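Below you'll find the structure, written out as structure tokens, and then a few comments.
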Amino acid sequence: MAHRALSGLLLCGVAAVFLVLLQGAQSVYIQYQGFQVQLESVKKLNDLEGQWVPSPDLKTQRSQSSMCHYPALPLDLQPICASGEADSIFQDLRTIAADDCELCVNVACTGCS
């Protein structure tokens, strides 16, 4: 009886690991300006922009590069902040993501169906 329960638990664990790996393998990526980022990460940019609360020192500035100051910026987008063109890259990525990237309409998108 205990052997059967352990076997069932092991099977559930293997299935969970498989699903996590499968989800990662099916991610849609955008390759642009030497950066490869997940489509889901780019979609989060809109959410981050909606959370924008400028500090008193930055009241007159509200650029896309301010995204780099968010602790919640997805890890795969953070290297873009080291680029001198972060503003335009973030804007272009958002435009690409809006172009039905899941359907591979844009050539910058990979891993889609």
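Taken together, the values in this text are just the output of simple stated rules run on the coordinates, not laboratory data. Computed from a prediction, not measured in an experiment: that's the story for all the values here. Cβ atoms come from the backbone with ideal geometry, glycine included; neighbour counts cover every protein chain shown.
Tabulated data
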read-out: Sites Gln51 and Ser83 - FRET efficiency at Förster radius 35 Å, r taken between beta-carbons, to 0.05; value: 0.95
read-out: Full-extension gain in nm, Gln91 to Gln36, via 0.36 nm per residue minus C-alpha separation; value: 18.3 nm
